[in-house]
Every structure is written in C-alpha cells, then in structure tokens.
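Have a look at the structure below before the remarks.
The values are calculated or read from the model by the stated rules, or taken from the named source; none is laboratory data. Just so it is clear, the model here is predicted, and its values are computed rather than measured. All Cβ positions, even for glycine, are placed from backbone atoms using ideal geometry, and neighbour counts span all protein chains on display. In case anyone asks, the SASA skips ligands and DNA or RNA and just uses the protein heavy atoms, side chains included. Shrake-Rupley method; radii C 1.70, N 1.55, O 1.52, S 1.80 Å.
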Amino acid sequence: MQNSQDHLKEIESLLEFYRSAGVDCFLGDEPVDWAAASVRQAAHRHQAVSHARPSHKAGGSAQSQASEDVAAASTPRQQPAAPSQQPAQSHQPASAQAAVVPDREMIASARDLAASAASLADLKACLETFEGCNLKLTAKTLVFGDGNPEARLMLVGEAPGREEDLQGKPFVGRSGQLLDRMLTAIGLDREAAYIANVVPWRPPGNRTPTPQETEICKPFIKRQIELVNPDVLVFLGAASAKNLLGVQDGIRKMRGRWMNYTLADREIAAVATYHPAYLLRSPLEKRLSWRDFLSIRSRLAGQ
Ligand code: URA
C-alpha cells in the first residue's frame, strides 16, 4: 500500500504535468447558471458598445481608414455565452463576465475606442476597461508594452505567454531573453526599442489566438503603432506580420524583406523576422535572424 508521501508525490507530479501542458484554470466547486450569465452578458455587451463609441473620432487615425479587413469580411453571429471556468478577474464583477464572439459592431466600437486614445496612457486605460476580448477573462494581466515609447525601433510579437502574463510585460520569458541578446548583438537594448504584441492578453495554455480574438485586438495595436510612430517596425514571427501587413507569405519567404507599414500620413519601414520562440526550437535559423538584425541596424543607421 502506498504511504501518504507517495500519494503526495503523485499528486505533485500530476499537477506539474497539467501545468506544463498549459492547464491554468480550475473547475469551481459551485455550480454556475450560464443561461443567466448569458442574459447578463448581452446587457453588458450592449452597455460596452454604447460606452465604446466616442462622440467624435480622433482625426488621422489609420484604423479609421483601414480597409475593412478580415473582420468586416465575415459577420459572425453573436453566440450564446460559453462557460468560462476561470475565476473572474477583479476589474469586472463575475456576473458580468462570459465569453462573447465579437461581431461587426463590437469590432467597429473597438476601432472607435482605440482611435479615441490620444496617448499610450489613454490607450492602455481603454484596454483596461475594454470587455470585448474573451482572453481577458482568463489572463491575469494586461500586457500592454515595454521599453521606450520614444524609440525609433518598435517590435511586435503575437501574444504574451505565461511569464509575460505574470509580469505584465511583453517578452520577458525565455524567448524574451533571447530577444534581449539579439538586440544587444546589434548594440541596442530595451531603452532603444518599444515592444508590444498584437494581442495584449495571454491565450490560455499559450494557444494561438483565434481570428476573432486577433481581430478585436487589432485596432489597439494599430493605434499603439501610430502613437509610438517608430522609424522601423519589426514583426516577430509570421502571425504579427500577416495580421498587420496583410501579407500572406510564410515567414521563410517574407523574413528579411523590407516592406512598408502604412499610416494615415506616412509609411514606416517594416520587416519580419523569425519569432525568438521559433529560434529556441530551431537554433540553426539564428544565422538568418542575424542577417535580419544586421539589416535592421543598417536601416536605423541610414535613416
Ligand atoms: N511571444 C510573443 O509573441 N510575445 C510575448 O510577449 C512573449 C512571447
């Protein structure tokens, strides 16, 4: 018969197995009436949409003239709220929190909300109150941005991971440490760069953000780029480049190729390179990344 020490060890290793597999939420003991929650959510959505629409639009915003991108092309039906088994975050009462699938109206209101932000601080405050993205239900923190907002170089990743979620800063885990070393190699550091993600909340278990989650967050990262207004924009991995540049090529084809990111009144030199998480798995590709980083350094020196 097993003694209690063995039992404890088994439970610990089972928990460790769950943790490393990305399980990060628990089933509660109390039953939840999700039908009632979905009614509350509908009321909450209505309120969020009417609050999100500012009475006037900020001028010159790229997203106000942005092509009606993927989001507008598809008009997902509003779905009944799905159960979230995560304990509610503190910024909203649990009763108001249930998952939603953003529809056109919500995406339009996200655009208006983002466009109304006159500064990065405003934009961060908007995101803190924004309830249109389900990822907020399971994330611990908003991972807004890090580094120097005055920097000439801005790097954009896909979505925060576990460490980023805990610390509230982008690229602080293993891939972030590699990114720091890559920046150091071209004579830069976080004070010489500003870093953000397309999606500012961690997807549970580090899964890929869904197209709906990306779509609802896109107006905010676009506004963040406008407000930082860098000279050089670097997309870390294919996902951010595809989402923000609209290119369809894979990362192997697009990396290292200079493109333009279009704002209302100017173009920003933009390039995609391998995501540092990919480089951790495929270290041989670092030689190509090194080329990209040398090219980024030349761009910065030449402008
Ligand atoms: N990967 C990303 O794309 N962003 C982060 O912030 C961390 C890991």
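Among the residues of the stretch 168-185, write down those that are near the ligand (Cβ under 10 Å from one of its atoms) and closer than 18 Å to residue 136 by Cβ.
169, 170
Looking at (1) part of a loop (DSSP other than H, G, I, E, B); (2) of a type in the set (A, V, I, L, M, F, W, C); (3) open to solvent by 40 Å² or more (accessible area, probe 1.4 Å), find the lone condition where residue 294 falls short.
Failed condition: (1).
Any idea which of 150, 163 is within 12 Å of the ligand (Cβ to nearest atom), open to solvent by 20 Å² or more (accessible area, probe 1.4 Å) and closer than 29 Å to residue 297 by Cβ?
When all the criteria are applied, what remains is 163.
With the structure loaded, tell me whether residue 140 is within 11 Å of the ligand (Cβ to nearest atom), open to solvent by 30 Å² or more (accessible area, probe 1.4 Å) and in a loop (DSSP other than H, G, I, E, B) or whether it fails that test.
Criteria not met by residue 140.
Select from the stretch 259-279 the residues that are under 23 Å from the mean Cα position of the chain (by Cα) and over 15 Å from residue 157 (Cα atoms) and list them in ascending order.
Once the filter is applied, which keeps residues that are under 23 Å from the mean Cα position of the chain (by Cα) and over 15 Å from residue 157 (Cα atoms), the stretch 259-279 yields 259, 260, 261, 262, 263, 264, 267, 268, 269.
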